[in-house]
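Encoded as structure tokens, the structure appears first; notes follow it.
The numbers here are math on the coordinates, done by the rules we state, and not lab data. Note that the coordinates shown come from a computational prediction; the quantities given were computed from them, not determined experimentally. Neighbour counts are summed over all protein chains in view; Cβ atoms, including those assigned to glycine, are modelled from backbone coordinates with ideal geometry.
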Amino acid sequence: MLAKADTRSDLLSIIQDNPGLHFRELQRRSGLANGQLEYHLYQLEKEMKVSKRRDGKLLRYFSNVSGNPMERIIVYFLRNRTSREILIECLARDGKASARASERWKKKPEYINMINAMKTENILNQNSEVPILVDSKLVLSIVQKYRQSFLDTMASAIIDLLGP
């Protein structure tokens, strides 16, 4: 539960430490009621300290105070289950997805859309049939930097990747 006097700065701190959290997760971590959280997020957005980005039905929140724009973009894709699978596959294979995984993804529109989105954002190589990270060291450093924030989601992704 956040202290009343420092609610906004504490909320900003949660977002800085865990970029890309969605509203319900921010609510859970902050202990704020719906209306309180909406109000403080609105004020932070108005002050241009926080921005949001839609991810399907979710709104993900990012700090404009810390990190760089490319870091925010990569974190956004790491928070999404489909793009996270693609990124983990690439990281596990020295920056390049396997041909087998790539062929499997070509049959699923959600993967095609995410690959195209990551190419547009210059995370994946534009001219390659098989997904290849433009800067695997940067992606890995972001995973390491926010490893605590990603611990549960990354563990689930690795388990899914190793599954049938």
Within the chain, helix-based [θ] at 222 nm, where runs of 4 or more DSSP H residues each add -39,500 (n - 2.57), nearest 500: -18500 deg cm²/dmol
Nearest 10 degrees, 0 to 90: helix 81-92 Cα axis against the chain principal axis: 60
Calculated FRET efficiency for the pair residue 47/residue 122, C-beta based, R₀ 30 Å, to 0.05: 0.55
Positive-end residue, the chain charge dipole about Cα centroid, Cβ charges, pick of 80, 51, 146: 80
Crossing angle, helix 7-17 versus the chain [Cα axis fit, 0-90 degrees, rounded to tens]: 20
Fully extended contour minus Cα-Cα distance, from residue 33 to residue 113, at 0.36 nm per residue: 25.3 nm
Relative packing of peptides 48-55, 10-17 - highest average C-beta neighbours within 10 Å first: 10-17, 48-55
Most to least packed among 88-94, 73-79 [average Cβ atoms within 10 Å]: 73-79, 88-94
Highest to lowest packing among 31-37, 18-24, scored as the average C-beta count within 10 Å: 18-24, 31-37
Whether the stretch 51-119 is rounded, prolate or oblate, judged on the alpha carbon gyration tensor where a/c under 1.5 counts as rounded: oblate
Selection from 92, 19, 105, by position along the positive dipole direction of the stretch 1-107 (Cβ): 105
The chain: most fluctuating residue of 39, 61, 111 per GNM, C-alpha cutoff 10 Å: 39
Degrees separating the helix 69-79 axis from the principal Cα axis of the chain, which is the longest one: 80
Under-5 Å amide H pairs with residue 59, H placed in peptide plane, nonlocal only: 23
Along principal axes, Cα extents of the chain, largest first, whole Å: 54, 30, 27
Mean Cα-pair separation over length for the chain, i.e. relative contact order, pairs under 8 Å, 6 or more apart, %: 19
Theoretical FRET efficiency, 1/(1+(r/R0)^6), r = Cβ-Cβ of residue 100 and residue 17, R0 41 Å, to 0.05: 0.70
Computed E for residue 54/residue 92 - FRET, C-beta separation, R0 41 angstrom, nearest 0.05: 0.90
Assigned charges on the beta-carbon of Lys, Arg, Asp, Glu; the stretch 24-103 dipole about Cα centre (debye): 160
